[in-house]
1. Decide, for segment 58-147, between rounded, prolate and oblate: order the square roots of the alpha carbon gyration tensor eigenvalues as a ≥ b ≥ c, take rounded if a/c falls under 1.5, and otherwise choose prolate if a/b is larger than b/c, else oblate.
2. What GluC sites (Glu not before Pro) does segment 1-104 have in DSSP loop regions with at most 14 other beta carbons within 10 Å?
3. Under 8 Å for C-alpha pairs, at least 6 residues apart: give me the relative contact order for the chain, rounded to a whole percent.
4. Could you please state how large a percent of the accessible area of the chain is carbon and sulfur, counting protein chains only and using a 1.4 Å probe?
5. Placing unit charges on C-beta atoms (Lys and Arg positive, Asp and Glu negative, everything else neutral), compute the dipole magnitude of the chain about its Cα centre in debye, rounded to 20.
6. Rounded to the nearest 0.05, what FRET efficiency do Arg84 and Asn24 give with R0 = 30 Å and r taken as the Cβ-Cβ distance? Could you check?
7. On a 1.4 Å probe surface of the protein chains, which of Asp12, Asp35 comes out largest in accessible area, and what is the full order?
8. Could you give the semi-axes, largest first, of the ellipsoid that matches segment 1-109, computed as the square roots of 5 times the alpha carbon gyration tensor eigenvalues and rounded to whole Å?
Amino acid sequence: MTAGLRIVRVTDDATLLDWQRVHNEIIPTAPLSVDDIRERLTRNVLEVAYDGDVLVGCSTVRPPSEETAAVTVIARVLPAYRRRGFGDAIYQHCLQRGQRLGDTFETHILASNEDGLRFAKAHGFVEVETYLLPGDTIPFVELRLGE
């Protein structure tokens, strides 16, 4: 893991607000409220990543569901901290956590996030679908690992 990187589970208001900040900056078309995030905490593992005490990213690991048999792993890194190894470390952490839940993996990335799409493809993810959420104008890209 990148020296100084700490990945901690969202367990209190401070870590919840940090997770929200990263999510909403990277996915401005689908901002989440504190209540939205609290609901997600009931079914997903949400974590935040810090370089020392500096917030650099967050992640989501979502177990398989009725909608998909795949484990969803999402690693997000704030733009100012990209290309320093944080994304890889967060992704590897998510993948290890996800392997306890299944053996098929997917991720979802806002189509305008070129860095995120490039990162996912470099790690073996292949685009399987593009979809638009109600009211949105920028689609999401669903990618599967190794398809």
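1. Working: a/c = 1.64, a/b = 1.01, b/c = 1.62.
Oblate, because a/c is 1.5 or more while a/b does not exceed b/c.
2. Details: sites: Glu25, Glu39, Glu47, Glu66, Glu67; in loops: Glu66, Glu67.
For GluC sites (Glu not before Pro) across segment 1-104 that sit outside H, G, I, E and B with at most 14 neighbouring Cβ atoms in 10 Å, the list reads Glu66, Glu67.
3. Details: 255 pairs, mean separation 26.9, N = 147.
Averaging sequence separation for qualifying contacts and normalising by length gives 18 percent for the chain.
4. Numbers: 3860 of 7700 Å².
Carbon and sulfur atoms account for 50 percent of the accessible area of the chain.
5. Working: 16 positive and 22 negative charges, 96 e Å.
The calculation lands at about 460 debye.
6. Numbers: r = 22 Å, r/R0 = 0.72.
After rounding, the FRET efficiency stands at 0.90.
7. Values: Asp12 75, Asp35 110 Å².
Greatest to least solvent exposure: Asp35, Asp12.
8. Details: eigenvalues 82, 59, 32 Å².
Computed over segment 1-109, the values are 20, 17, 13 Å.
The values are calculated or read from the model by the stated rules, or taken from the named source; none is laboratory data. For clarity, every value in this text was computed on a predicted model and none was experimentally measured. Every residue, glycine as well, gets a Cβ built from its backbone with ideal geometry; the counts of neighbours run over all protein chains shown. Areas reflect the complete protein model, heavy atoms only, side chains present, ligands, DNA and RNA absent. Shrake-Rupley method; radii C 1.70, N 1.55, O 1.52, S 1.80 Å.
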